[in-house]
Amino acid sequence: MFVRHIIRIPNLSRGLATHARPLSAVPAALRLKTGQSFQGRSFGAEKSIFGETVFSTSITSYTESMTDPSYRGQILVFTTPLIGNYGVPLNKAPFDSQDVGVVLESQNIQCAAVIVGDVAEKFSHHAAVESLADWCKRHNVPGITGVDTRAITRLLRDQGTTLGHVAIGADTYLDAPKEHEYWDPSAENLVDQISTKIPYQLNPSGSIKIAVLDFGAKANILRALVRRDAAVTVFPWNYDFNTVRDEFDGLFLTNGPGDPVHCMEAALKLRRTLQEWSKPIFGICMGHQIIGMAAGLDAYRMTFGNRGHNQPVLALASAGSIKAGRVYVTSQNHQYALKLQDPFPAGWEPFFINCNDSSVEGIKSTVESGKKVWGVQFHPESAGGPLDTIEVSCSQSIFEVMDTYYTL
Ligand SMILES: NC(=O)CC[C@H](N)C(=O)O
């Protein structure tokens with residue numbers, strides 16, 4: 001009996017530590033436009049790139065963060081020292097009417113590069129099929145390991161998000177780029193590069209019809225809608241929803257990369273929707289910023305933004321299962337925020353506020369306005385991140401907006 005039991009143990013071998021290919025000793029350096037430089041070793045693609053250097057305080061979910069389209073153009077520094085220890089899963093789900101066909105947040109790695117203190121050369125997870133280094137190599141994304149990410153983070157916290165150059169191999173011996181050579185992703189309309197070009201549908205036989213404006217949607221946002229049996233139609237970010245709005249029960253605006261000012265066109269179209277349409281509208285992150293701009297609020301660039309899965313937000317109003325005065329721990333990834341102005345535009349009120357920096361974390365239409373509109377700066381759909389707001393906040397997404405304000 002005992003022997004038989006032991007013989008079965010190899011079934012568990014997928015969960016045991018797996019050795020990835022040993023890392024190369026190719027030198028690598030992160031050079032910041034402000035002059036500082038950090039030397040380390042290359043992993044992933046041996047290719048030098050430019051980008052905007054940001055840090056994330058998330059402890060897990062490097063695979064979800066790296067495939068989140070909102071990280072496009074960014075050099076992502078992880079403050080957690082050991083990254084890669086559970087490898088990378090096969091990023092494929094059945095591509096059918098229910099799903100966009102991935103298990104992570106999009107098909108590709110979206111960030112421009114990753115910077116880690118110590119990349120794991122061994123990985124261990126039952127779903128892992130490759131190492132972080134091999135995954136980066138396959139996607140032509142460079143990484144640097146062996147740098148003091150704490151020092152980089154302290155710098156970025158003081159001087160703000162900074163343009164950077166990831167130099168690999170021979171490039172590390174060359175002079176740092178001149179100031180004007182640094183590429184600034186926020187000057188481009190990144191949303192236009194990533195948004196779907198043509199409308200498509202998920203779960204067409206769903207019981208409630210939701211239109212989604214795609215600014216660079218994380219897959220889990222679409223899954224969250226389908227899971228609640230929505231028939232989801234995903235439109236390009238600048239599609240004029242006003243031309244089809246009679247066919248829908250609700251409108252959802254997704255997350256997305258870059259400066260929201262490039263999407264002013266969408267905010268202006270939404271302004272008309274807000275004036276003429278009274279069905280529920282809900283937005284996450286970029287979607288929330290677009291709703292705010294349509295309502296007449298300004299968006300501004302924060303010093304270093306908020307990226308991580310441990311951001312506390314205070315609810316200022318009660319609505320649905322949200323209780324005023326409660327703090328919720330949330331997942332975030334943003335550089336811009338809506339300006340807290342006093343008074344708020346007529347018919348609107350702040351909904352959540354960040355406990356660390358007092359930035360606006362949510363807005364909503366007032367009950368008196370008769371509208372049913374919410375936006376949250378954080379990611380209630382939480383992939384990755386704490387599940388706190390999945391249960392208790394507006395993460396019930398547009399459905400909770402609907403439940404809160406009217407019965408379907
Ligand atoms: N995750 C997002 O949607 C981010 C929104 C916007 N690109 C920002 O950085 O603030």
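The values are calculated or read from the model by the stated rules, or taken from the named source; none is laboratory data. Please read these numbers as outputs of a predicted model, since none were measured by experiment. Note: ideal-geometry Cβ built from the backbone for every residue, glycine included; neighbour counts use all protein chains shown.
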Practice problem: From the list 320, 296, pick out the single residue that is surrounded by fewer than 22 Cβ atoms within 10 Å (Cβ to Cβ) and at pLDDT 95 or above. | Solution: 296
Quiz prompt | Failed criterion for residue 198 (all others in (1) touching a residue at least 60 places away in the same chain (Cβ under 8 Å); (2) within 26 Å of the chain's Cα centre (by Cα) hold) | solution = (1)
Practice problem: Considering only the range 340-356, state which residues are within 16 Å of the ligand (Cβ to nearest atom) and either in a strand (DSSP E or B) or not assigned by TED's automatic domain parsing to the domain that holds residue 221 (or both). | Solution: 352, 354
Exercise. Residue by residue through the range 176-192, note down the ones that are within 18 Å of residue 218 (Cα to Cα) and within 16 Å of the chain's Cα centre (by Cα).
Key: 190, 191
Quiz prompt | Test set (1) in a loop (DSSP other than H, G, I, E, B); (2) within 23 Å of residue 273 (Cα to Cα) - residue 221 fails condition number | solution = (1)
Exercise. Only residues that are farther than 18 Å from residue 216 by Cβ and either more than 15 Å from the ligand (Cβ to nearest atom) or surrounded by 17 or more Cβ atoms within 10 Å (Cβ to Cβ) (or both): list them for the range 323-339, please.
Key: 323, 324, 325, 326, 327, 328, 329, 330, 338
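Which ones in the range 332-350 are of a type in the set (D, E, K, R) and under 26 Å from the mean Cα position of the chain (by Cα)? Walk me through how you get there before you give the answer.
Start the filter on the range 332-350 by keeping residues that are of a type in the set (D, E, K, R), which leaves 339, 342, 349.
Within the range 332-350, 339, 349 meet the criteria.
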Quiz item: Picking from 258, 287, 206, 308, which residue would you name as being outside the structural domain of residue 98 (by TED's automatic domain parsing), under 30 Å from residue 153 (Cβ atoms) and either in a loop (DSSP other than H, G, I, E, B) or away from the ligand (no atom under 16 Å from the Cβ) (or both)?
Solution: 258
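Yes or no, residue by residue, for (1) in the same structural domain as residue 285 (by TED's automatic domain parsing); (2) touching a helix residue (DSSP H, G or I) at 6+ places or on another chain (Cβ under 6 Å); (3) within 16 Å of the ligand (Cβ to nearest atom):
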position	(1), (2), (3)
141	no, no, no
182	no, no, no
221	yes, no, yes
226	yes, no, no
232	yes, yes, no
243	yes, no, no
249	yes, no, no
Quiz item: What do you reckon, is residue 137 in the same structural domain as residue 83 (by TED's automatic domain parsing) and within 16 Å of residue 67 (Cα to Cα)?
Solution: yes
Practice problem: Quickly run through the range 89-107 and pick out the residues that are closer than 21 Å to residue 307 by Cα and hydrophobic (A, V, I, L, M, F, W, C). | Solution: 104
